[in-house]
Amino acid sequence: MSSKVVYMDNNATSAIDPLVFEEMKPFLTELYGNPSSIHTFGGQVAAHIEKAREQLAALLGASPSEIIFTSCGSESDNAAIASAVGICPKRDKIVTTKVEHPAVLNVVKEHERRGYRGALIPVDAKGRLDMKCAEELIDEDTALVSVMWANNETGNIYPVKELCALAHAKGALFHTDAVQAVGKVPMKLSEMDIDMLSLSGHKLHAPKGVGALYVRRGVRFRPYLIGGHQERGRRAGTENVASIVGLGKAAELSLAHLQDENTRVKAMRDKLENWFVANIPSVRVNGDPASRLPNTTNISFEYIEGESILMLMDVHGICASSGSACTTGSLEPSHVLRAMGVPYTSAHGAIRFSLSRFNHEDEIDFVIDKMPAIIKRLRDISPYWKK
Ligand code: PLP
């Protein structure tokens, strides 16, 4: 096992930026007061939460009052869906996509068990949404349309503006799970009609266990966590101050690095992807190169197992993800690749590389140097590979 770590799994989670950690430290040590306290010692902390709200609002192009801090992306998704169906009791349909994260898909399934109807928009071979089908599915019974801004596995970016317009034309609310998009693509929510948007700190170099839900001004919202008056009565629970402060700083840094993400990071991703396509036989890129996050590539090395590839990469300290999920002991290709109709021989060998601003060109060269032997070794023992 190599002592060096080459981390290319940033869509799973990302490193806390050292500047974020510095900003958080006082709130984990001397400034431990409760922001709701009357005394100055506690009360002074509230101002730091408000500063974080402003920093996050600036990244989203939104107003600070539209931000509710939560514990994670999953909570934000749960809260958005619960609120939408709660305030539209006459509508019983939730429209989403086949390629959502389980934080939306499984919540919709749970609502189906409670009597709601879920409708899933299909995708084509590149993972692009069938917009004609979306238009047909969204109707006057629809309470909520929830479509992710960007897919965590392929990086595909979805036409949220058009989908939001389709939802509003039928009187439905529109939510987007932007957990993978925030900090990677520019956003100006004040110029869009999106009603609710979920994000998560640990995908943008803030700690795990903090997230936010954007709720556009004027949109009715029903709290998911009920209790105290925190977050202006919209999310109960004593604030996770240090992490909120960290998320604020991470948002400020993400805004400053947005250009770098879309130039240097994208160029590294392209170099890696193009090298694989040009130099290793039988590889395919899963996703839509015309509309994709700058940091993500999902590549199938056909006729071999993603898990085996990851294990051999691990020996060199290279971290990435596979396109399979372990269900009851057997490795099933991910629901995203299945929805795209990726053949089994490709889906099983899918590897997602997701970069960040902390990656460097020499790491790309390192991966390029190590991968051919890994792929050759596994293909040599694969019964499916035609030697
Ligand atoms: N939505 C998407 C698209 C994600 O990629 C993730 C995490 O991987 C989540 C939601 C859940 O976020 P969290 O881990 O903060 O609950």
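The values are calculated or read from the model by the stated rules, or taken from the named source; none is laboratory data. Since this is a predicted model, take the numbers as computed values, not measurements. Because the Cβ atoms are built from the backbone with ideal geometry, glycine has one as well, and the counts that use them run over all protein chains shown. Each accessible area value is taken on the protein alone, full model and side chains, heavy atoms only, with ligands, DNA and RNA left out. Shrake-Rupley method; radii C 1.70, N 1.55, O 1.52, S 1.80 Å.
Among L129, L189, L199, L137, which is at pLDDT 95 or above, away from the ligand (no atom under 12 Å from the Cβ), among the hydrophobic types (A, V, I, L, M, F, W, C) and touching an Asp or Glu at 6+ places or on another chain (Cβ under 9 Å)?
Values: L129 fails: touching an Asp or Glu at 6+ places or on another chain (Cβ under 9 Å); L199 fails: away from the ligand (no atom under 12 Å from the Cβ); L137 fails: touching an Asp or Glu at 6+ places or on another chain (Cβ under 9 Å).
On inspection, the qualifying residue turns out to be L189.
Could you look through the range 9-30, keep only residues that are within 16 Å of the ligand (Cβ to nearest atom) and in a loop (DSSP other than H, G, I, E, B), and pick out the one that is farthest from L293 (Cα to Cα)?
My answer is I16.
Run down A172, A167 and say which single residue is in contact with a Phe, Trp or Tyr (Cβ under 6 Å, 6 or more places away or on another chain) and either over 22 Å from C88 (Cβ atoms) or of a type outside the set (S, T, Y) (or both).
Every option except A167 fails the conditions.
Could you list, ordered by first residue, the pairs with Cβ atoms under 7 Å in which the first is in the range 174-194 and among the basic types (K, R) and the second is open to solvent by 10 Å² or more (accessible area, probe 1.4 Å), at least 6 apart or interchain?
K184/E261; K188/G61
Kindly establish whether D260 is open to solvent by less than 70 Å² (accessible area, probe 1.4 Å), out of contact with any Pro (no Cβ under 7 Å at 6 or more places or on another chain), charged (D, E, K, R) and touching a residue at least 60 places away in the same chain (Cβ under 8 Å).
For D260, the condition - open to solvent by less than 70 Å² (accessible area, probe 1.4 Å), out of contact with any Pro (no Cβ under 7 Å at 6 or more places or on another chain), charged (D, E, K, R) and touching a residue at least 60 places away in the same chain (Cβ under 8 Å) - is met.
Just to be sure, is A212 over 30 Å from A347 (Cβ atoms), under 23 Å from the mean Cα position of the chain (by Cα) and open to solvent by less than 60 Å² (accessible area, probe 1.4 Å)?
Yes; evaluated as a whole, the condition is true for this residue.
Among the residues of the range 53-67, how many are in a loop (DSSP other than H, G, I, E, B) and buried (at least 22 other Cβ atoms within 10 Å of the Cβ)?
So the answer is 1.
Taking the range 31-52, which residues are open to solvent by 40 Å² or more (accessible area, probe 1.4 Å) and either at positive phi or not in a loop (DSSP other than H, G, I, E, B) (or both)?
T40, F41, Q44, A47, H48, E50, K51
In the list L197, L163, which residue meets the criterion of being without any contact (Cβ under 8 Å) to a residue 60 or more places away in the chain and either on the phi < 0 side of the Ramachandran plot or not in a loop (DSSP other than H, G, I, E, B) (or both)?
L163
If a residue must be away from the ligand (no atom under 11 Å from the Cβ) and farther than 17 Å from V219 by Cβ, how many such residues does the range 74-96 contain?
5
Identify, from the list V219, V265, V241, V245, the residue that is open to solvent by less than 40 Å² (accessible area, probe 1.4 Å), closer than 19 Å to G86 by Cα and away from the ligand (no atom under 16 Å from the Cβ).
V219
Could you tell me which of the residues A212, A206, A236 is part of a loop (DSSP other than H, G, I, E, B) and either within 16 Å of the ligand (Cβ to nearest atom) or touching a Cys at 6+ places or on another chain (Cβ under 9 Å) (or both)?
Exactly one of A212, A206, A236 is part of a loop (DSSP other than H, G, I, E, B) and either within 16 Å of the ligand (Cβ to nearest atom) or touching a Cys at 6+ places or on another chain (Cβ under 9 Å) (or both), namely A206.
State all residues of the range 100-125 that are closer than 20 Å to D288 by Cα and either charged (D, E, K, R) or within 11 Å of the ligand (Cβ to nearest atom) (or both); if no residue qualifies, say none.
E100, H101, D124
Here's the yes/no breakdown for (1) out of contact with any strand residue (DSSP E or B) (no Cβ under 7 Å at 6 or more places or on another chain); (2) aliphatic (A, V, I, L, M):
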| site | (1), (2) |
| --- | --- |
| N274 | yes, no |
| A290 | yes, yes |
| P343 | yes, no |
| S346 | no, no |
| A350 | no, yes |
